Structure formats: structure tokens, C-alpha cells
Amino acid sequence: IQIEKNIIPLFKEIFDITPPLRLERIQKGQTLYYINPTSKIIYRYLTKIFELNEGPKKGIKIPNLIINSNKEIRKWFVRGFFDADGDTRASEAYNYKKISSPRIKLRIKEESFLLEIKQILNEDFKFGFTGPYSYKENEYNIQTGKKDLLMAFKENLFIHPIKSWRLKRYIELVGR
């Protein structure tokens, strides 16, 4: 849904290409949809202008272009990152069982990157993310609880339709 509703139209708007939705991994039994625009120009744009690593994703950091931008640009960068790697409780499971503790969470391998994201969340969004915590080797997470759920929904932390719906539903369930 996210690829079709948001990512492909963005590629069309920004780069004037419409990359196809790739289904090869679905056909192999994996649950992964993806696009692969196969454009050297786009690849160079993302790696040079946005300082994304070439090759393995180690030592990642928020690009200076984003860090030095205004608050709204930084917030949109974080929203994009949360759409890809953030989560909230899967609220559809709570019709028949006890509601677990509220949470918005981000889990990645790069602790320093996570600290940069946390700083934007807490300074620009005015959230109260805590951590990083590590429960597995080379895996860190930050999280926030109930007091920030409503604010996260109002701030559109998740643009991804399913994640946004889960957050709204969780707020409704907790509010009863």
C-alpha cells in the first residue's frame, strides 16, 4: 500500500519515472514488495546529495543536508524513517485480549544514528523518547509511551496507512 500510494507517486513527481512494483520475492514465498528504479542518476543523487552509504549500511548518519535544514524538513525526514523502520502496537490484535502497554518504537543496528533520530523526535516534535536500549547484540531501540501517542498521531508521525491506522486504533482502545 505504501509503495503504491506514496513511494511510486513520489518517484514520478521528483524524478519523472514510474518504477514498477516488483513481486519476485512474493512469488518466492517472502513477504516483501519493492521497487527497483535501476537508475544511476537516482542512485548518485541519493548517495552523493543525501550522503547515503554505498554498499553495506554501516556507519549511517542523518545527512548534513537534513541536519542543517529547518524543523519541518527534519520532521519529514523522521516521518519517512518511521514509515520504513518504526512501529506501534499491532492494535488489531486487541479485540480479544488484554491491551499491552502503549508504545511507539524504532529499532536499528546503528546506535549513533538512533541518537540523532531521538534528538529530532524530542526537540522538534517535543516527544519524550527514551533509550537507546539494547536487548540483542548490535540492536538498539528507542521508545515512547502513552503520553506521546496522541501527539504522535496529531503530528502524523506515521504516514504509512497501516501504521497510522494502528496508532489511531490503539488510541481509541486505550481511551475507552
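The values are calculated or read from the model by the stated rules, or taken from the named source; none is laboratory data. Bear in mind the structure is a predicted one, so any value in this text is a computation, not a measurement. Here the Cβ positions follow ideal geometry from the backbone for every residue, glycine too, while neighbour counts run over all protein chains shown. Only protein heavy atoms, including side chains, enter the accessible area calculation; ligands, DNA and RNA are left aside. Shrake-Rupley method; radii C 1.70, N 1.55, O 1.52, S 1.80 Å.
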- prompt: Which of the following residues is over 20 Å from residue 158 (Cβ atoms), open to solvent by less than 50 Å² (accessible area, probe 1.4 Å) and at pLDDT below 80: 37, 19?
  reply: 37
query: For region 156-168, what are the residues that are crowded, with 20+ Cβ neighbours inside 10 Å and aliphatic (A, V, I, L, M)?
result: 157, 167
field: Count of region 40-69 residues which are open to solvent by 60 Å² or more (accessible area, probe 1.4 Å), in a loop (DSSP other than H, G, I, E, B) and among the polar types (S, T, N, Q)
entry: 1
statement: Per the list (1) surrounded by fewer than 20 Cβ atoms within 10 Å (Cβ to Cβ); (2) within 25 Å of residue 4 (Cβ to Cβ); (3) touching a residue at least 60 places away in the same chain (Cβ under 8 Å), residue check on residue 153 breaks on (3)
Pairs with Cβ under 7 Å, 6+ apart, first in region 65-76 and in contact (Cβ under 8 Å) with a residue 24 or more places away in the chain and charged (D, E, K, R), second in a helix (DSSP H, G or I) and open to solvent by less than 70 Å² (accessible area, probe 1.4 Å): 74/66; 74/120
- prompt: Among (1) open to solvent by 60 Å² or more (accessible area, probe 1.4 Å); (2) among the basic types (Lys, Arg); (3) part of a helix (DSSP H, G or I); (4) touching a helix residue (DSSP H, G or I) at 6+ places or on another chain (Cβ under 8 Å), which single condition is residue 25 missing?
  reply: (4)
